[in-house]
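Step one of this worksheet: look at the structure below.
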Amino acid sequence: MKLSHILLIVALSFATAFGTVFYFGAGLLNSNIPAVQETAYNRVLRTGVLRCGYADSPPYALVKDPSTGKISGILSEVTEAIAAKLNLKVEWTENTGWGTFIESLRSHRTDVFCAGLWRQGERGKYVGYGLPVYYVANYPYVAVDDHRFDQSLSSVNSPETRISAMDGEQSDIIAKTHFPKAKEVSVPQMGQLTDILVNVATHKADIVFAEPSYVNAYLQANPNTLRFAQDTPFQVFPSSLGVDIHEPELRDMLDSALVELHNQGVIEEIISKYTSDPRVFLRVAKPYLSGTR
């Protein structure tokens, strides 16, 4: 074969290969392959807006007025203070309740869950917990005339025991984790949190694991209905803001502002406005010794 023929074949082969690559490359560029999704952190910086998911946590942590839609409470004020430090605007975007906030974060409908989350292992697979705003003690409560669990909670883990709990809320997690043999009397996660107390007060359930903040408020309106089964907390949890597990930059940015607010005494001032009962919200200890030795 002549050299000129060989060169012609090589040139045609190269042109064919280049055209194929160009054709498929152009096809890829024009295909429906989705672009890389913007992170919540980058979106917040770009827009200057922090979109909050939330759930009602009366009477102190977070409450939405049904008439005006206004959000108030400790965690509302803390979130607004954090946002002010970061020159951001807070948008209370979605009432996710306790059962769907993870999906809301993962689907980017919201950036942060701002109603306060108790750090818990199962949720930790999906949620990036911030530093604690405060700690919450969880106590066992029973009807005022019930003394079955005064000495020990071991008998709670029995098919004969009925535990009142709200779906997806910490009371539900405690029941399933620590007392799997007991029967759970469930309240839908978009219902009223006080319903889990009513179940016990009316003897529809035997025991509920709850925090004193909303139990105290319930007892003010319904005295002599519930009491501590035991005076010591069943568990103590840090209460934090939460982001999607893949958003460490957003979490760290929020934590930086929160630490500054703790150090300036702002968080203490906010909490003290709502309650003076030391059992309701346990303060975050300073990580250093103050004063002289």
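The values are calculated or read from the model by the stated rules, or taken from the named source; none is laboratory data. Remember, predicted model here, so these are calculated numbers, not experimental data. Cβ sites come from the backbone with ideal geometry, for glycine too, and all protein chains shown count toward neighbours.
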> In the stretch 128-221, which helices (runs of 4 or more DSSP H) lie fully inside it and hold 1 or more residues that are acidic (Asp, Glu) and closer than 26 Å to Ile74 by Cβ?
Replying inline: 170-178, 195-201
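Every residue, every condition in (1) outside any helix (DSSP H, G or I); (2) of a type in the set (Val, Ile, Thr); (3) without any contact (Cβ under 8 Å) to a residue 12 or more places away in the chain; (4) over 20 Å from Leu75 (Cα atoms), yes or no:
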| position | (1), (2), (3), (4) |
| --- | --- |
| His246 | yes, no, no, yes |
| Asp252 | no, no, yes, no |
| Asp255 | no, no, no, no |
| Leu258 | no, no, no, no |
| Ala285 | yes, no, yes, no |
> From the set of residues in the stretch 84-96 that are among the polar types (S, T, N, Q) and in a strand (DSSP E or B), which is farthest from the chain's Cα centre (by Cα)?
Replying inline: Thr93
>> Being of a type in the set (Ser, Thr, Tyr) and surrounded by fewer than 21 Cβ atoms within 10 Å (Cβ to Cβ) is the requirement here; does Tyr135 meet it?
In response: yes
> Would it be correct to say that Ile271 is surrounded by 11 or more Cβ atoms within 10 Å (Cβ to Cβ), over 20 Å from Arg43 (Cα atoms) and in contact with a Phe, Trp or Tyr (Cβ under 9 Å, 6 or more places away or on another chain)?
Replying inline: yes
> Take the residues of the stretch 47-83 that are part of a strand (DSSP E or B) and among the basic types (Lys, Arg): which is farthest from Ala210 (Cα to Cα)?
Replying inline: Arg51
>> Here are the criteria: (1) closer than 23 Å to Tyr60 by Cα; (2) modelled with pLDDT under 95. Tell me which single one Gly121 does not satisfy.
In response: (1)
>> Of everything in the stretch 157-173, what is under 17 Å from Phe234 (Cα atoms) and in contact with a Pro (Cβ under 8 Å, 6 or more places away or on another chain)? Give them in sequence order.
In response: Asn157
> Is there a residue being surrounded by fewer than 21 Cβ atoms within 10 Å (Cβ to Cβ) and closer than 27 Å to Thr202 by Cβ anywhere in the stretch 119-129?
Replying inline: no
>> Can you tell me how many residues within the stretch 216-256 are β-branched (Val, Ile, Thr) and either out of contact with any Phe, Trp or Tyr (no Cβ under 9 Å at 6 or more places or on another chain) or farther than 16 Å from Leu282 by Cα (or both)?
In response: 3
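For (1) over 20 Å from Gly168 (Cα atoms); (2) touching a helix residue (DSSP H, G or I) at 6+ places or on another chain (Cβ under 6 Å); (3) hydroxyl-bearing (Ser, Thr, Tyr), each residue gets a yes or a no:
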position: Gly48; (1), (2), (3): yes, no, no
position: Arg51; (1), (2), (3): yes, no, no
position: Ser57; (1), (2), (3): no, no, yes
position: Leu62; (1), (2), (3): no, yes, no
position: Ser67; (1), (2), (3): yes, no, yes
position: Ile74; (1), (2), (3): yes, yes, no
position: Glu91; (1), (2), (3): yes, no, no
> Within the stretch 174-213, how many residues are β-branched (Val, Ile, Thr), crowded, with 20+ Cβ neighbours inside 10 Å and closer than 18 Å to Val236 by Cβ?
Replying inline: 2
> Within the stretch 97-120, which residues are closer than 15 Å to Pro238 by Cα, in contact with a helix residue (DSSP H, G or I) (Cβ under 9 Å, 6 or more places away or on another chain) and either assigned to a loop (DSSP other than H, G, I, E, B) or in the same structural domain as Gln189 (by TED's automatic domain parsing) (or both)?
Replying inline: Gln120
> Does the stretch 223-242 contain any residue that is touching a Cys at 6+ places or on another chain (Cβ under 7 Å), under 30 Å from Ala40 (Cα atoms) and part of a strand (DSSP E or B)?
Replying inline: yes
>> Please go through (1) farther than 24 Å from Ile271 by Cβ; (2) out of contact with any Cys (no Cβ under 9 Å at 6 or more places or on another chain); (3) free of Cβ contacts under 8 Å to residues at least 60 places away in the same chain; (4) surrounded by fewer than 20 Cβ atoms within 10 Å (Cβ to Cβ) for Ser104 and return the number of the only condition it doesn't satisfy.
In response: (4)
> In the stretch 245-260, is there at least one residue being assigned by TED's automatic domain parsing to the domain that holds Thr194 and either within 25 Å of Glu103 (Cβ to Cβ) or touching a helix residue (DSSP H, G or I) at 6+ places or on another chain (Cβ under 6 Å) (or both)?
Replying inline: no
